[in-house]
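What follows draws every value from the coordinates through simple rules; no lab data is involved. Bear in mind that the values here come from a model prediction, so they are computed numbers and not experimental data. All Cβ positions, glycine included, derive from the backbone under ideal geometry; neighbour counts span all protein chains shown.
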Amino acid sequence: MPKRVVIVDDDREVREIVSFALTRSGFEVVAAESGQQLQDLLARASVLPDLIILDVMMPGEDGYRICHHLRTDARTSAIPIIMVTAHAEDIYARISVDLGAAEHITKPFHPFALVEKVRALLNE
């Protein structure tokens, strides 16, 4: 059974490229364009994702706030999270780690490099 990954990014192109790379690599992928869509997916899910890829800068609730919610919810607290942002400053990576993210990746990135990070976190 393939591992399930959720990608949350308000940029449709990023969602499509990352989804394509992960699907080609054997993962089941679900995409959401906002934190609210992610919360709706998680509320309806009978099986939680194995990993979440979460963009930092999104309209409405940003990725850091969503990450905090995921970490404080007993249902989702153990799901590995990869934070993705266009901000290259070290402080952004530090915030991601402090919030409990397993990885922090700066845009632009190669989609298959992201796949390798996903594989490493899921011991694939």
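Observations on the model:
- Charge tally around Val5: other residues with Cβ under 10 Å, Lys/Arg +1 each, Asp/Glu -1 each, net 0.
- Per-residue [θ]222 nm for the chain (sum of -39500 (n - 2.57) over DSSP H runs n ≥ 4, rounded to 500): -13000 deg cm²/dmol
- Between Leu41 and Glu124, the FRET efficiency estimated from the beta carbon spacing at R0 = 30 angstrom works out to 0.85.
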